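Please read the structure below before turning to the comments.
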Amino acid sequence: MKSSDKQWEKYGSKDPYFGVLSSDKYRFNNLDNDAYLDFFKSGNDDLKIIISNIQKYLDASFEPRQSLDFGCGVGRILIPLAKNSLHVVGLDISESMLAEAQRNCELNHLQNIELIKSDDEFSGVAGRKFNFIHSFIVFQHISPKRGEKILQNMLDHLESHGVGVLHFTYYREATPMEKVKEWVNRYLPLVHNLRNLFKGKEFDYPLMQMHQYDLNRLFFILQKRNIHKIYIEMSNHGGYMGVILYFQMIGLTHSPRK
Ligand SMILES: C[S@@+](CC[C@H](N)C(=O)[O-])C[C@H]1O[C@@H](n2cnc3c(N)ncnc32)[C@H](O)[C@@H]1O
């Protein structure tokens, strides 16, 4: 098991909602009913914007039917997506996150959701195609070398005219001091663990890995798969600069403009 996968399992079992959205109100000990409702409202709002952008910039008649949410967490976006799709699959590396997602699906009386433990080969959905593939704030936690392979495998599951909406971070805007702190936390785990104690957290409270992707390489992967048009929305989560790539798999065998 990769180190980031172990950390996600810890987040899933210790603090799943905070692992998804790092705001104090979503910490295990603070999560009251209002915070819980607010958490899922954010997923609902995100999905509305996503569908509206797809229809505005890619395909006016697009509706998600068979949907895949990669790194679904506790179901923040998966659950509203299920209410707008015939069938959805939620993939996640953490079994505890999936167990919490299962509880949330049951609370919502949803029966069109399949939750599957993810692997990089997508073996849980082997041979299946989707007309909508989505992933938000997930690739940023996966090393780019591994994430690029995951992206390539994921594209095998997008049907012709299917739409992908994928989020990647590409740049960290940080002061030299913040960069040093990140380096120390990542490469000197004991220091990170001692800082946990100092902050009143458990000694082994997991560190969230953050990575930046090379956009040239991502565009190359997409273009090689006959994706010729991308709508991009920029994101900035506390200095982690990112892009949400919206694209449609059009089955052209040549580039529209050479
Ligand atoms: C920050 S949460 C985002 C959850 C969800 N996408 C959302 O927006 O609410 C990141 C999720 O990605 C999952 N994850 C991390 N690495 C993964 C991997 N290699 N494969 C699948 N899921 C992964 C984590 O377990 C976690 O549930």
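The values are calculated or read from the model by the stated rules, or taken from the named source; none is laboratory data. Please read these numbers as outputs of a predicted model, since none were measured by experiment. A quick note on method: Cβ atoms are made from the backbone with ideal geometry, for glycine too, and the neighbour counts reach across all protein chains shown.
Across region 139-184, the qualifying residues are those that are under 17 Å from Asp120 (Cα atoms) and acidic (Asp, Glu), and the one among them that is surrounded by the fewest Cβ atoms within 10 Å (Cβ to Cβ) is Asp156.
Within region 79-105, being crowded, with 24+ Cβ neighbours inside 10 Å and more than 21 Å from Phe122 (Cβ to Cβ) holds for one residue alone: Ile79.
For residues that are under 12 Å from Met97 (Cα atoms) and hydrophobic (A, V, I, L, M, F, W, C), scanning just region 1-19, find the one that is nearest to the ligand (Cβ to nearest atom). In this case the residue turns out to be Trp8. When region 5-45 is filtered for residues that are surrounded by fewer than 18 Cβ atoms within 10 Å (Cβ to Cβ) and small (Gly, Ala, Ser), the ones remaining, listed by number, are Ser13, Ser22, Ser23, Ala35, Ser42. When every residue of region 170-190 is checked against the conditions, none turns out to be touching a strand residue (DSSP E or B) at 6+ places or on another chain (Cβ under 6 Å) and within 27 Å of Phe62 (Cα to Cα). State all residues of region 20-41 that are near the ligand (Cβ under 10 Å from one of its atoms) and at pLDDT below 95; if no residue qualifies, say none. Passing the criteria: only Ser22. Counting the residues of region 64-111 that are within 20 Å of Glu233 (Cβ to Cβ) and more than 15 Å from the ligand (Cβ to nearest atom) gives 2.
Here is a yes/no grid of residues against (1) within 25 Å of Cys72 (Cβ to Cβ); (2) free of Cβ contacts under 8 Å to residues at least 40 places away in the same chain:
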residue: Leu166; (1), (2): yes, no
residue: Val180; (1), (2): no, yes
residue: Leu215; (1), (2): yes, no
residue: Ile232; (1), (2): yes, yes
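Condition check: among the hydroxyl-bearing types (Ser, Thr, Tyr) and out of contact with any helix residue (DSSP H, G or I) (no Cβ under 8 Å at 6 or more places or on another chain). Does Ser42 satisfy that? Against the criterion (among the hydroxyl-bearing types (Ser, Thr, Tyr) and out of contact with any helix residue (DSSP H, G or I) (no Cβ under 8 Å at 6 or more places or on another chain)), Ser42 qualifies.
When region 139-166 is filtered for residues that are more than 10 Å from the ligand (Cβ to nearest atom), among the basic types (Lys, Arg) and closer than 21 Å to Leu207 by Cβ, only Lys145 remains.
What's the total number of residues in region 124-138 that are more than 18 Å from the chain's Cα centre (by Cα) and within 14 Å of the ligand (Cβ to nearest atom)?
Counting residues in region 124-138 that are more than 18 Å from the chain's Cα centre (by Cα) and within 14 Å of the ligand (Cβ to nearest atom) gives 0.
If the condition is being hydrophobic (A, V, I, L, M, F, W, C) and in contact with an Asp or Glu (Cβ under 6 Å, 6 or more places away or on another chain), then region 82-125 contributes Val89, Ile93, Leu98.
Take the conditions (1) in contact with a strand residue (DSSP E or B) (Cβ under 9 Å, 6 or more places away or on another chain); (2) at pLDDT 85 or above; (3) not in a helix (DSSP H, G or I); Gln209 misses just one of them, which is (1).
Reported count of residues in region 97-144, each being of a type in the set (A, V, I, L, M) and either part of a helix (DSSP H, G or I) or farther than 19 Å from Ile79 by Cα (or both), is 8. Looking at region 47-78, which of its residues are surrounded by 19 or more Cβ atoms within 10 Å (Cβ to Cβ) and more than 21 Å from His157 (Cα to Cα)? Of everything in region 47-78, those that are surrounded by 19 or more Cβ atoms within 10 Å (Cβ to Cβ) and more than 21 Å from His157 (Cα to Cα) turn out to be Val74, Arg76.
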